[in-house]
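Let me begin by presenting the structure, written as C-alpha cells, before commenting on it.
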Amino acid sequence: MSEAFELSCVLFDLDGTLVDTAPDLIACLNKALAVYGYPLAEVGKVTPYISYGAAAMIKASVGGSANDSQQADILETALNFYQNNIAEHSQFFAGILDTLALIEDEGLKWGVVTNKRKRFTEPLMAALGLTARAACIVSGDSTAYPKPHVEPMLTACRIAGVSPQQCVYIGDANHDIIAGNNAQMKTLAALYGYLKPDDQPETWGADALIASPGHLSDWIKDALCR
C-alpha cells in the first residue's frame with residue numbers, strides 16, 4: 001500500500017460482497033423455472049454466476065435445454081418474482097455491519113457500485129436500511145455503461161464528493177477489479193463472495209485478497225494508520 005494513499009471512501013459491490021442475496025435470487029429463479037417446467041436450479045451450480053447477472057444464472061441452470069427465447073421468458077418471470085420479493089431472505093455477510101460501523105466511526109464515507117439495475121438496487125438498499133447511510137448508490141443502469149467500464153466508478157466518486165485516488169473498491173468478480181483499477185482506486189477481491197470454480201482472483205490485479213469482512217476491517221484500519 002502506497003504511503004501517499006489517503007483513504008476517504010470505501011466502495012462496495014452489492015451482491016456477493018456487501019449482501020448475501022443468493023437465497024432470494026435463487027428462490028425466485030426456481031419459481032420461474034417451475035412455471036416453465038424446468039428442474040430446480042442447484043444452489044452450488046448457479047451461485048457463482050450471480051455476479052454476472054440473472055441471465056448467466058439461468059444459462060448455468062438450464063444449459064442447452066432451453067433456447068434463447070425460452071431463457072428470455074424465464075428471465076422476465078424470475079425478475080418479476082425478484083422485484084416483489086427483494087429482501088425476503090437476503091442478509092448481510094457475517095461481519096459486514098461491524099465493518100460499516102467502523103467506516104462510519106472513522107469518519108469515512110462508503111457507497112455501492114453494482115451492475116444490479118436500479119429497480120432492484122434501490123428497494124434492496126431501502127429494505128436493509130442502507131439508503132440514508134450510503135454516500136452514493138450507483139446501479140448498472142445509472143450510467144451509460146456498467147462495470148467493467150470506468151464510468152460507474154467515477155460517477156460514484158462525483159456523488160460522494162471524493163477523488164478516485166481516495167477510494168478503495170471491493171468486489172467478488174474480475175470485472176469489479178478491472179473497473180476499480182481503471183479508475184485508479186485501490187481494489188480488493190472478496191474471496192468470501194460468489195467466485196466461480198475456475199476464478200483465479202490472485203491474477204486479477206487487486207491490491208489485496210480479502211477472506212472475510214473482518215479481514216476488510218483490518219485492511220481499513222491498516223490503511224488509516226499509514
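Just so you know, all these numbers are worked out from the coordinates, no wet-lab data involved. Note that the coordinates shown come from a computational prediction; the quantities given were computed from them, not determined experimentally. Positions of Cβ are backbone-derived with ideal geometry, glycine not excepted, and every protein chain shown enters the neighbour counts.
Before moving on, here are some points about what is shown:
- For the pair GLU106 and LYS118 in one chain, pulling the backbone fully straight at 0.36 nm per residue adds 1.4 nm over the alpha carbon distance.
- Taking all Cα-Cα distances within the stretch 56-138, those exceeding 18 Å account for 56%.
- Arranged from fewest to most other beta-carbon atoms within 10 Å of their beta carbon, ASP207, ASP73 become ASP73, ASP207.
- Set of the stretch 72-86 residues, backbone N closer than 13 Å to the point 7 Å along the Cα-Cβ line of ALA127: 79-86
- Of all lysines in the structure, the ones whose alpha carbon falls short of 20 Å from that of LYS109, not counting any fewer than 8 places away in one chain, are LYS186, LYS221.
- Annotation: peptides 31-43, 175-187, ranked by per-residue average of other Cβ atoms within 10 Å with the highest first, follow the order 175-187, 31-43.
- Per residue Cα convex hull volume in Å³ - calculated over the stretch 22-83: 68 Å³
- Here, P(r) means the percent of Cα pairs in each 5 Å bin from 0 to the largest distance; for the chain it is 1, 7, 15, 19, 20, 16, 10, 6, 3, 2, 0, 0.
- Relative to the longest principal axis of the Cα atoms of the chain, the long axis of helix 68-83 makes an angle of roughly 60 degrees.
- Per residue, the convex hull spanned by the alpha carbons of the stretch 93-226 comes to 110 Å³.
- Note on the stretch 1-122: Cα Rg divided by 2.2 N^0.38 Å, N the number of residues, gives 1.26.
- Bridgeable lysines around LYS118 (alpha carbons under 17 Å apart, same-chain partners fewer than 8 residues away excluded): LYS147.
- Each label was represented as a point 7 Å from its Cα along the Cα-to-Cβ direction; for GLN70 and THR155 these points are 3.5 nm apart.
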